[in-house]
Each structure stands twice: as structure tokens, then as C-alpha cells.
Amino acid sequence: MEIDSDRCYRALSTRDARFDGRFYTGVRTTGVYCRPVCPARTPHRHNCQFFNSAAAAAAAGFRPCLRCRPESSPGTPAWVGTSATVTRALRLIAGGALATDDVDQLAARLGVGERQLRRLFITHLGAPPAVVERTRRVHFAKKLLDETDLPITQIAFSAGFNSVRRFNSAMVQVYARSPRELRRRSGAVSPGAPIRLRLSYRPPYDWTRMLAFLSARAIPGVEAVQGDTYARSVAIGEFRGTLRVSPGRGDSLVLEVGGGAAGELPGVAARVRAMFDLAADPDKIEHQLAGDPRLRRTVRSRPGLRVPGAWDPFELAVRAILGQQVTIRGASTLTGRLAAAYGESLQTDIDGIDRLFPTPGALVSFQGAGMPAGRAATIRSLAATAADDPSLFDAGASAEDFVAKLCRIPGIGPWTAHYVAMRANGEPDAFPAADLGLRRALAALDGGDVPSAVELAVRAERWRPWRSYAAIHLWTSLTAP
């Protein structure tokens, strides 16, 4: 991805927050790289070198700035088109793919060769996958040093390092300081005390409508919305507990998770970022969707509307099946009954949350709990497939492959598959064209008859590659003023 150096320098000179995370500036005289919003004195133009990503700046030998903290930026926006593979790869890396597998295995999950994947990364990010992973790991460790009271040894393993020695060496190599010298906080942490992390996003962000969407679909016993906070039970690795997400200072959300999750923090943070669509680029999405005159008004009247994600793809797929031909509230009630009957009980300090959502193995023998036999059979088929094939919901699959794979399960059609791809796999261009609500919303905008699914799909072509966002805008227009 080419960098416009003149434009970058203007953004740097004015500390334009709109460019935060879009590029990084390497300063030759100091050897550090900064965000465009860095409060330090603006360097001379001839001393600046601009990069697509923090990993590219690190690969060029620059160190992260300790004042503007590049690890706290909203992140580099996901690109589309030829870099769709890179977007899926970044999703897998954020989830810890390179902590257990090598680049060859990552490339295989994406259906490309290792050399091709490396070339794509260098083209779009300016650094190979291994450097991106190393930068991610070091940045996450620095974030934990700054924002938590976790012991340094625990931070080393939480960030994905295999030993404290390697952790210390990496931090000294990148920051020219040891972890103890970098730490801004002091004090002991109580065993099991909650861990709080700030998760940045690129504004605007419509938190009110995000929360309303999740509240209407919350699974009783598993999820709850209390005030301006979303809470739920979670199971990841060895951790069983709860998390809370609420608005933070500035352009960020605050994630609070039980202290027992320290070893799973990278995975928890990655899932929450995906769930709340924190990597989205609102300006870019609005520019594309507003190109449709009929959609322009609704898009511009709701800036910062995101695609609500899901903590667990299997959970969302089950809920989508239960939601076929029933109301949103009815689907939540049915899913709550299923969770109560088959989910593992959990003691929590959050009112209304007392269990985990059932695993695929627990639903292989699902009996229906009073729901139509056909839907119960579909859930059993989904559960059996997910239990036998851990890659069923692999984020490395393309949208087309993912939809086709789900549709092979009896009882799951394109609507359900696209809905799951949109919300569980973060596919920005998934689009359930058969949805009656979408068709009615478009009819209201056009002032005409309700279009067929085929007619809606044709109309939606001009919304690519952000059809998922168009769907959220259309759904929202049905209930919001």
C-alpha cells in the first residue's frame, strides 16, 4: 500500500486524529516511530520516514515512542480487494495463530503458499508475518505493563513469550529498556483481581446503538446489558468466568475480565475487539455507502454504526437457527432455555449471568426443549459437525468458502450462513439478501414495493465491499428515528 508522504506530514504537523493508526512516522534523528497524534515537537520533513504499519516501522529498525505509545493506537485498518487474505491472516494472528503454528501452517489455513502470504504482507503492511506477530506480542506486553498491576513474570507469559529471559531480551531490543524500567505502575495485584484494559477505536463509535442491538439479542443466563455496560460469561482455554465492556476515556472501550484470565488475555482482547468491531474505518465505509443516494441519508444520520460481532461463532450459529421464523425476543427466550438445560453452571458476581453457553459436544444429543423438530435436528447436525471439525468456524476461510461450508449442514441456508459470517467471522461483505427486514427497509427508503431477494442482491452490489455495514444500517432504519 503506497504512502503519500506529503499528506502524512501534513497530518503529522496538525496532529490530525483522523489519521491515527493509518500510518506511523519513523524519526531518523531519534530512532523512534510515532503516531500522528504524538505530542512531541514535530520533526523536520527530511528526518521523517512514513510506514503503513507499526510492524513496518519496527522492521526498518525504529523503536516505539514512549510518549504516544503506538501500542495504544486504534490499529491499522483492514484493507479489502487483493488484501482480503491479509485481513483474514491478521484476524488469525490476533487470535494467537503464530503462537502455536508457523507461517507455513498459517498460509495453509488461508489456502495460499508461504511465499505468497509473505509477499502480500510486505505489499500491504510493509513487513512479513513473523515481524507482525513479534510487534503484536511486544506491543501487548507494553500495554499490560502500562495498564495493569500484573507481575512482570505473568505479563511475559500472558503476552505469549515462552520464557522471562526471552521477554526481557525482546523488550530491551525493541524499547532499549527493561520491562521494569518501562513500567509506569507499581504495587502488588491481589490474586484473582479483575484486569482492566483499554481498547482503542477510530471514532466515531455509536455505542448506544451497539448496546441496544446486543441487549435485544442477549441470551438469558449468559449475557446481560446493565446501564452502559455489556457483560457475559466466557470460556477460553482454562479460564471460566465473566467479562464486562463499557465506554472508556477518549476513543476507547474498557475491558474488565477476571484475574484468572491472565494467561488468555491476548485471545480475550482479540475476541472483544472483533465482537465490538473496533478495527472498522467509519470514514471509509461511509464514503462508499453514501455513494447510493437512497442510502446516503440513513448512513450519514448514524455515524459510527458498527457490525455487532459475537464472542463465539458456534453460539451465534445456534442462536441464528433458533431465530428462524420467530421474533428477536422469541429467539432470545428459546436460546436461554437451551443454555439453561445444556450449559455448564457458573458462579458469578453479575446479576442474571449464571452459566456458560453449551459446547458443541453438549448439544450433539439436543432434544429440542419444545421447539420444532426440524430446528432441533439442525442444531444437532451443527453441533456434530463442529465437534468433529474444529475448523468449521475458522476465520482463515474466505467468505464464500465459509458460507458454502455452513450451507452443507442440513437446515442451514444462505440467510443463516451469511448472518453468521457477518457477525461471527467479521466478514465486512457478507449479506443475507433473503432477509425480510432488509427488503422492507429498502422499500421504505425507496418508497416502493418490497423487493425480492434477487432484486436486493443486485442493488447491494454497489455497496461492496461493505455490505455487512449496509445491512446494519438498513436494520437500524426500521426501528430508529
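Bear in mind that the values in this text are calculations on the coordinates, not laboratory data. The shown structure was predicted, so the numbers you read here are calculated from the model rather than taken from an experiment. Here the Cβ is made from the backbone with ideal geometry for all residues, glycine too, and neighbour counts use every protein chain on show.
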Evaluate the relative contact order of the stretch 81-182 (contact order divided by residue number), counting alpha-carbon pairs under 8 angstrom at least 6 apart; express in whole percent.
18
Along Cα→Cβ, 7 Å out, is where each label goes; now give me the distance between the ones at L478 and S5 in nm to one decimal.
5.2
How would you rank E264, E400, E256, going from fewest to most other Cβ atoms within 10 Å of each one's own Cβ?
E400, E256, E264
Taking the alpha-carbon distance from K405 and a cut-off under 16 Å, which aspartates and glutamates remain once sequence neighbours fewer than 8 residues away in the same chain are dropped?
D388, D389, D394, E427
Which of the cysteines found in the chain have nothing to pair with, since no other Cys Cβ lies under 4.7 Å from theirs?
C8, C48, C407
Length gain on complete extension for the stretch F157 to D101, per 0.36 nm per residue less the alpha carbon to alpha carbon distance?
18.5 nm
Applying the span-like rule to the chain (DSSP H, Cα extent along axis at least 18 Å, Kyte-Doolittle mean at least -1.0) gives 129-147, 328-342, 373-388, 467-479
Using alpha-carbon positions, what is the distance between the centroids of the stretch 437-466 and the stretch 95-157, in Å?
39
Defining a contact as two alpha carbons under 8 Å apart and six or more residues distant in sequence, what relative contact order in percent does the chain show?
12
Separation between the H46 and S345 pseudo-spin-labels, each 7 Å from Cα along Cα→Cβ, expressed in nm?
7.5
Would the stretch 5-71 count as rounded, prolate or oblate if I go by the C-alpha gyration tensor, calling it rounded below 1.5 in a/c and otherwise prolate when a/b exceeds b/c, oblate otherwise?
rounded
How large is the dipole of the chain about the Cα centre if only Lys and Arg carry +1 and Asp and Glu carry -1, each at its Cβ, rounded to the nearest 20 debye?
1400
Cβ-defined net charge surrounding L106, 12 Å radius [Lys, Arg +1; Asp, Glu -1]
-2
Potential extension, E114-R249 segment - 0.36 nm per residue separation minus Cα distance
44.5 nm
